[in-house]
């Protein structure tokens, strides 16, 4: 269970979280609880039980946080007219007509302009959902941007391994982001994660983690693909010794020609589309703000590089 942590992590002299022997470190990415985008809930988030009651005051060890109230359509309209006049009024009306819930921040080129989940994205915006005793309620308060220290000086990172999901936190020194002092805030085994859903309203940064007990949370990562790459499905790891000669030659060439000089041992996974992903982390590029960095190669079963037209979404 998350509160037990079962943590036997090791730290280097720089206090960088390290996996246990035999455990495969896959990614490290900044994450926080997500933030509402539709105008009624813009800039807000809630922590709910299964009856939509606010539970933030029931979470043990959590400091007091802000109490939000969703804006009514009339208040949202007036707020926008005051700010931007007729243009904002048109934007709000169009947002209501399309189910977007108001103007709010403009959707990114890749995000969806309308919500498929009005109850949890327009009328309300829960980022934690769970009954008493469920996994979601064990998440650390430091993930909440409204409670945690300045996001420019303190970051929470999600670390994904082949065994678990770990959340660490630590200060950021702008003048030297190579200085890292990790504190483990939370962790769960991968078996406690039921599935992962990408949420694309307004942008493509949010992800919903549904836990094995039915509780869930909604997190935001500016590099969502890196965060979810090894969580969306159980990775099909291929040992280096099991590669064909053509695949091994491709991996050796990849390692020999990359610009990084301190690559970790590459991790090879077979993707559902039949391609193979080869990824190696670069320890020297670990950043207290942005997390881990890596070099990647995609190859066919014979070791050749796929043609651009042959790529699939999971390749990215």
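No lab work stands behind these numbers, since they all come straight from the coordinates. In this text the structure is predicted, and so the values were computed from the model without any measurement. Every residue, glycine among them, receives a Cβ derived from its backbone with ideal geometry; neighbour counts consider all protein chains shown.
Take 185, 139 and order them by how many other Cβ atoms sit within 10 Å, fewest up front.
Working: 185 18, 139 26.
Ordered by Cβ neighbours within 10 Å, fewest first: 185, 139.
Extension gain for residue 309 to residue 147 (0.36 nm times residue separation, less C-alpha to C-alpha distance): 53.8 nm.
To make sure I understand, if each residue's beta carbon is the centre and we count other beta carbons within 10 Å, what order do 204, 197, 121 fall in, fewest to most?
On the way: 204 18, 197 15, 121 26.
Final ranking by Cβ density, sparse to dense: 197, 204, 121.
Would you please put 273-279, 256-262, 48-54, 155-161 in order of how densely packed they are, using the mean number of other Cβ atoms within 10 angstrom per residue and starting with the highest? Can you show the working numbers first?
Details: 273-279: 18.3, 256-262: 10.0, 48-54: 13.6, 155-161: 23.9.
My ranking of the peptides, most packed first, is 155-161, 273-279, 48-54, 256-262.
Distance from the alpha carbon centroid of the range 249-316 to that of the range 104-177 works out to 27 angstrom. Percent of Cα pairs in the range 202-285 per distance bin of 10 Å, from zero to the largest separation: 14, 35, 32, 15, 3.
Going highest first, how would you order 124-133, 302-311 by mean Cβ packing within 10 Å?
Details: 124-133: 19.8, 302-311: 11.3.
The most tightly packed comes first, giving 124-133, 302-311.
Shown here is the pair-distance distribution of the range 15-54: with all Cα-Cα distances grouped in 5 Å bins from zero up to the longest one, the shares run 6, 15, 13, 16, 11, 8, 14, 13, 5, 1 percent. Ranked from largest, the principal axis spans of the Cα set of the range 240-315 equal 36, 26, 19 Å.
Antiparallel DSSP bridges in the range 103-208: what percent, to the nearest 5? Rounded to the nearest five, the antiparallel share is 95 percent.
Counting 0.36 nm for each residue step from residue 190 to residue 260 and taking away their Cα separation leaves a gain of 22.2 nm.
What number, in percent, do you get for the relative contact order of the range 101-218 if the mean sequence gap of Cα pairs under 8 Å and at least 6 apart is divided by its residue count? This gives 29 percent for the range 101-218.
So what is the relative contact order of the range 191-316, in percent, for Cα pairs below 8 Å that sit 6 or more residues apart? The normalised contact order for the range 191-316 reaches 17 percent.
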